[in-house]
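The values are calculated or read from the model by the stated rules, or taken from the named source; none is laboratory data. Fair warning: this is a prediction, and the values are worked out from it, not measured in the lab. As a convention, Cβ positions derive from the backbone with ideal geometry for all residues, glycine included, and neighbour counts pool all protein chains shown.
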């Protein structure tokens with residue numbers, strides 16, 4: 001046998017061996033090590049601390065379960081959600097994932113049949129009695145419950161630096177007229193009136209939803225998402241005009257900053273105010289800033305624009321038993337009281353002890369009980385993700401050209417494309 | 001018919017696994033994307049019913065996509081131009097036999113080893129403009145401010161420079177029926193230059209390496225002969241060196257061109273879509289449309305568009321180079 005044939009024979013054997021390995025049936029799974037994979041975008045400061053606290057509580061009860069903390073960083077989940085979709089569509093769901101309550105959960109995952117209903121869990125735990133009715137409505141679809149809300153955040157908060165306000169004798173503005181009068185005074189002092197950090201644009205959409213609610217009031221605002229309020233109407237135009245005017249008072253580098261960098265400007269006294277959700281409170285605490293003041297933004301006193309992080313049970317979750325215990329913990333008083341003070345949000349349940357919470361969250365808990373609750377647009381509660389994406393595109397152009405007519409036409413078209421308006 | 005020799009069977013068997021893998025994971029998925037782009041799949045649940053070319057028609061009518069094409073053209077032009085200018089310049093300087101050439105070569109080549117994400121984040125910080133009105137400057141603007149130089153808004157600048165319809169040139173263009181050239185869609189978004197700077201910083205060292213190899217391949221006798229014939233140093237470059245570097249330039253254009261057409265990571269890390277889509281690119285639009293907006297068929301049509309544009313660049317080059325190899 002020549003040397004050459006020998007080589008050929010050997011290579012053939014190697015190739016065949018590789019093919020055989022490739023065709024070998026998958027090894028029967030060894031009795032699965034107990035695991036729990038939780039997918040979220042909680043990676044920084046208080047939110048990561050809160051998540052780890054929940055893991056700690058879970059492991060106290062089930063020490064033999066290994067928790068896999070699958071996180072994808074990025075504000076409002078802009079990077080995490082695409083990663084989640086790829087996994088879900090590919091048939092590799094995590095055991096449970098963070099998802100905003102409302103249309104984001106329902107339109108993306110429930111109507112498409114990716115989730116399991118959680119009615120039994122809600123009955124066993126008596127949650128129908130402890131979660132507010134408004135929240136139960138938002139997380140249910142077709143008569144079933146689909147996820148367990150862990151917390152409630154408020155989107156409409158105007159944050160300011162108390163020291164700067166006291167030194168100048170300023171008061172947080174209640175109306176848009178007061179806002180612009182105050183903004184002029186700030187400008188005269190060389191302070192940027194309104195700090196905005198809209199890299200990735202969602203912070204501008206967030207600002208717009210707050211102005212919308214402040215302009216048209218809670219009922220008409222809710223009607224925008226059901227097609228009852230006309231997007232071509234005068235209130236939407238007025239809101240856009242107000243926003244265009246507000247943008248005149250915004251830091252020019254807003255598209256380079258994130259929301260927390262915008263908050264830094266307020267902390268440093270370089271900017272007067274910022275309109276952002278109440279996760280700013282956790283940011284302030286983490287940065288040791290004690291002079292933070294807060295108020296409802298113009299026109300939204302008595303209105304609570306709410307969003308909530310929830311966890312659900314995807315079909316085909318690899319560790320079903322462990323997930324149900326996780327959800328039980330997420331909805332429990334113990335779990336929510338441990339998580340929320342760290343995360344800087346209030347409990348979705350009614351019966352949490354206010355003494356555990358900081359000064360801002362105490363006021364938020366009071367408002368939560370008495371205000372009119374409306375869903376947030378930028379954070380998935382009010383509109384489906386594809387609708388929010390279209391509105392984000394309109395906002396991207398609007399913050400630059402401030403063309404009210406064009407933006408309004410774009411918003412009306414987006415409502416049509418979303419299948420809500422006719 | 002030629003007898004199938006044992007050797008031949010072996011060689012076919014040996015490359016079979018990679019052929020299969022490429023057939024499925026490259027060409028199979030390209031075909032799949034093509035199919036999705038012609039379907040009605042809108043929403044999370046797959047719907048592969050036939051839709052024809054409506055997705056493409058809709059795509060080209062989308063203002064954001066028109067802006068994206070403009071941005072890609074601007075980015076490609078300036079990125080290629082800057083890289084070739086800098087790369088060739090540095091290569092010629094290094095070719096003069098300076099001391100420490102190895103050190104400088106590694107120094108200039110090094111940025112290429114960094115991922116575009118890291119480059120993007122770093123340049124995002126460096127080019128964060130701050131707010132000149134209140135004197136709060138950040139990044140490179142601090143340096144410019146201290147030197148008394150004019151400040152730039154970098155990638156936060158929404159300005160698009162285009163031929164004004166009221167200007168003399170604009171009026172002339174309108175008269176000859178080229179009025180569409182006087183719209184922002186045929187302008188230059190200033191924010192894009194920040195992306196160009198970051199990308200050039202990363203890739204010009206690579207271009208330098210290619211040109212340096214090309215320069216080393218030019219026989220010294222040719223230059224000597226030209227000098228003997230009385231050519232000045234500039235004429236040596238103009239008539240001997242640059243023509244002989246043409247194949248290198250072609251390779252550079254192909255390599256950088258397909259990077260710039262497909263660019264995603266740098267933009268995603270640096271400025272995302274930018275103010276008024278000033279730094280948006282088709283790949284980023286594709287990402288948002290598909291995975292945030294759930295418009296899967298629309299996203300697939302952008303993917304196919306990108307594939308076609310890159311092929312337009314690469315395929316003629318492949319044909320050209322295989323032909324040349326065959327001739328040799």
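Worth a mention:
- Exactly one residue out of B:291, B:285 is in a helix (DSSP H, G or I) and within 22 Å of residue B:185 (Cβ to Cβ), and it is B:285.
- Single residue of region A:384-413 satisfying the filter (outside any helix (DSSP H, G or I) and more than 9 Å from chain B (Cβ to nearest Cβ)) that is surrounded by the most Cβ atoms within 10 Å (Cβ to Cβ): A:402
- Any hit, region B:182-190, residues being free of Cβ contacts under 8 Å to residues at least 60 places away in the same chain, crowded, with 17+ Cβ neighbours inside 10 Å and away from every other protein chain (no Cβ under 14 Å): yes
- Qualifying helices (runs of 4 or more DSSP H) (wholly inside region A:236-337; at least 3 residues being farther than 21 Å from residue A:165 by Cβ and away from chain B (no Cβ under 14 Å)): A:279-286, A:320-331
- Residue within region B:173-181 that is in contact with a strand residue (DSSP E or B) (Cβ under 6 Å, 6 or more places away or on another chain) and assigned to a loop (DSSP other than H, G, I, E, B) present: no
- Scanning region B:52-69 for residues that are buried (at least 17 other Cβ atoms within 10 Å of the Cβ) and part of a loop (DSSP other than H, G, I, E, B) yields no hits at all.
- Test: residue B:87 is surrounded by fewer than 17 Cβ atoms within 10 Å (Cβ to Cβ), more than 20 Å from residue A:255 (Cβ to Cβ) and away from chain A (no Cβ under 14 Å): no
- Taking region B:104-117 as the range and being assigned to a helix (DSSP H, G or I) and either in contact with a strand residue (DSSP E or B) (Cβ under 6 Å, 6 or more places away or on another chain) or exposed (fewer than 14 other Cβ atoms within 10 Å of the Cβ) (or both) as the test, the residues that pass are B:106, B:107, B:110, B:113, B:117.
- Of the strands (runs of 3 or more DSSP E) lying entirely inside region A:28-103, those carrying at least 3 residues that are surrounded by fewer than 17 Cβ atoms within 10 Å (Cβ to Cβ) are A:66-71.
- Screening the candidates B:41, B:6 for the property of being over 24 Å from residue A:395 (Cα atoms), within 13 Å of chain A (Cβ to nearest Cβ) and in contact (Cβ under 8 Å) with a residue 60 or more places away in the chain yields one hit, B:41.
- Here residue B:301 fulfils each of the conditions (1) within 14 Å of chain A (Cβ to nearest Cβ); (2) assigned to a helix (DSSP H, G or I); (3) in contact (Cβ under 8 Å) with a residue 12 or more places away in the chain apart from (1).
- Residue within region B:141-151 that is assigned to a helix (DSSP H, G or I), surrounded by 21 or more Cβ atoms within 10 Å (Cβ to Cβ) and within 12 Å of chain A (Cβ to nearest Cβ) present: yes
- Residue match in region B:263-281 (condition: within 11 Å of another protein chain (Cβ to nearest Cβ), modelled with pLDDT under 90 and surrounded by 21 or more Cβ atoms within 10 Å (Cβ to Cβ)): no
- The listed residue being facing chain A (nearest Cβ under 9 Å) and farther than 24 Å from residue A:396 by Cα, out of B:156, B:134: B:134
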